[in-house]
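S.K.: Input: one structure, supplied below.
The values are calculated or read from the model by the stated rules, or taken from the named source; none is laboratory data. Here the structure is a predicted model, which is why all the values come from computation and not from measurement. With ideal geometry, Cβ positions are generated from the backbone for all residues, glycine too; neighbour counts draw on all protein chains shown. Accessible surface is based on the protein model in full, side chains and every heavy atom, while ligands, DNA and RNA are left aside. Shrake-Rupley method; radii C 1.70, N 1.55, O 1.52, S 1.80 Å.
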Amino acid sequence: MALVALRNVTKTYPAPEKGAPPVVAIDGVTLEVEPGDVYGIIGYSGAGKSTLVRLVNALEPATSGSIEVDGREITTMPERELRGIRLGIGMIFQQFNLFNSKTVWANIAYPLTVAGASKSEIAARVAELLEFVGLTDKAKNYPDQLSGGQKQRVGIARALATSPRLLLADEATSALDPETTQEVLALLKRVNREFGVTIIVITHEMDVIQSIATKVAVMDGGRVIEHGDVFDVFSNP
Ligand code: ADP
Ligand code: ADP
């Protein structure tokens, strides 16, 4: 069974100004992400990638169509149940979205605190995550004392804190230099292989897809114009 399945999903935003047509951000998208996939979604700016991520994470409602996460239809789910779905999905972002007033330790602990974990559970889990991302010696530092790559490693640790099955990476390496990008992608590969976490990677960079993704959907104008194994989609006959 697919971990994420979209069927004929559309998302329309109201017209930005009077007289203008509504904005069709997602236009009839169907795609399936299987457990264990590293699924790339590539497209130019405005293609609809970020909107797709917000729909899967139930941060915004779809206009029509069906979205199943782990076999459960989320488009008709009440808000209190959606909170449970969101807890099972980790997210990392281009600008890292760390709490600048919290230490590295407290950033990683945050989702566990929200989820109501005990102090001893939190301490053990944060220590394990710090070790996994190689930042044990930075526990007491603040985000502005870290490099971009280190910040994203904190972002990854925080996203994994509640042991989600799915990680959504929205342009997660776009603010990083090529070398740091490869380090972060290598860490994401370990997240996929060692923990079996399914990853959806949103990017406008072909290199990122070729480094990490096994499957890819190419988006343009809110549509998926091509999808399949990375090798098949990007090999030139
Ligand atoms: P991408 O992530 O591929 O750059 P987006 O999903 O951000 O694409 O945007 C897809 C389209 O939807 C764009 O035309 C964008 O302007 C529009 N859009 C995105 N979010 C909103 C919003 N909240 N309100 C109105 N239009 C939006
Ligand atoms: P504040 O937000 O008040 O500046 P911190 O961000 O340093 O405090 O830490 C927030 C919480 O995390 C505090 O309860 C603190 O005791 C705990 N904490 C911070 N670092 C560690 C650590 N290395 N081991 C265990 N607990 C920690």
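S.K.: Which whole-number percent gives the relative contact order of the chain, counting Cα pairs below 8 Å spaced six or more residues apart?
M.R.: Computed value for the chain: 28 percent relative contact order.
S.K.: Moving on to the next point. How large is the Rg to Rh ratio of the chain when both quantities use alpha carbon positions and Rh follows Kirkwood?
M.R.: Answer for the chain: 0.98.
S.K.: Another question about this same structure. Run the helix sum for the chain: -39,500 (n - 2.57) per DSSP H stretch of 4+ residues, divided by residue count, reported at 222 nm to the nearest 500 deg cm²/dmol.
M.R.: Result for the chain, helices only: -10500 deg cm²/dmol.
S.K.: Another question about this same structure. For region 183-229, take the convex hull of the Cα atoms, compute a quarter of its surface area, and give me that in nm², please.
M.R.: The orientation-averaged projected area of the Cα hull of region 183-229 comes to 3.5 nm².
S.K.: Using every Cα-Cα pair within region 46-105, state what percent have a distance larger than 14 Å.
M.R.: When every Cα pair of region 46-105 is considered, 62 percent fall beyond 14 Å.
S.K.: While we're here: Nothing charged except the Cβ atoms of Lys and Arg (+1) and of Asp and Glu (-1): what's the magnitude of the dipole of the chain about its Cα centre? Round to the nearest 20 debye.
M.R.: Here the chain has a charge dipole of around 800 debye.
S.K.: Taking the Cα centre as origin and putting +1 on Lys and Arg beta-carbons and -1 on Asp and Glu beta-carbons, what dipole magnitude results for region 99-140, to the nearest 20 debye?
M.R.: 180
S.K.: Which one, 47, 157, 173, projects farthest toward the positive side of the charge dipole computed for the chain from Cβ point charges (K/R +1, D/E -1)?
M.R.: 157
S.K.: Still on this structure, please answer the following. Pick out the long, greasy-scoring helices in the chain: whole DSSP H runs spanning 24 Å or more along their own axis by Cα, mean Kyte-Doolittle at least -1.0.
M.R.: 178-195
S.K.: Moving on. Mind ranking 39, 13, 110 by accessible surface for me, highest first, 1.4 Å probe?
M.R.: So the residues, ranked largest to smallest area, are 110, 13, 39.
S.K.: In addition: Using the Cα centre of the chain as origin and beta-carbon charges of +1 (Lys, Arg) and -1 (Asp, Glu), tell me which of 104, 188, 8 is placed farthest towards the positive end of the dipole.
M.R.: 104
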